[in-house]
Amino acid sequence: MHLPLSSLKQTLYEHQQKAESLCTCEEYVVMRHKLLELRRKFASYEEWELYQKASDLVLRADLDKHFIE
């Protein structure tokens, strides 16, 4: 079942806020998984701008994780 788009936008905003304070590799793995799932949902709505924002956060999380390790 699809969540309303406004709820997905709010979730993306919350993940953006959380991404600023991640400290461990485990937190990055969990965040990355959630963002990839969120990205798939945006694709199903054909919300490509939001899809790109989620993709950018995934990339940033990957880069940040690399520097923490």
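The values are calculated or read from the model by the stated rules, or taken from the named source; none is laboratory data. Values in this document were obtained by computation on a predicted structure and should not be read as measured data. For neighbour counting, all protein chains shown are included, and Cβ atoms are generated from backbone atoms with ideal geometry for every residue, glycine included. Side chains included, ligands, DNA and RNA excluded: accessible areas come from the protein's heavy atoms. Shrake-Rupley method; radii C 1.70, N 1.55, O 1.52, S 1.80 Å.
Counting heavy atoms of the protein chains only and a 1.4 Å probe, report the per residue accessible area for the chain as a whole number of Å². Intermediate results must be reported in sequence, preceding the final value.
On the way: 4870 Å² over 69 residues.
Per-residue accessible area for the chain comes out at 71 Å².
Run lengths n ≥ 4 of DSSP H only: what is the helix-derived mean residue ellipticity at 222 nm for the chain, with -39500 (n - 2.57) per run over all residues, to the nearest 500? Show your work: numbers first, answer last.
Numbers: 3 runs with 57 residues, N = 69.
Taking each H run of at least 4 residues, the total per residue is -28000 deg cm²/dmol.
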With only alpha-carbon pairs counted, each pair once and no self-pairs, how large is the Kirkwood hydrodynamic radius of the chain in angstroms?
12.1 Å
Please give the net charge around GLU14, taking every other residue with its beta carbon less than 12 angstrom from that of GLU14, where Lys and Arg add +1 and Asp and Glu add -1.
+2
Carbon and sulfur: what percent of the chain's accessible surface (1.4 Å probe)?
54 percent
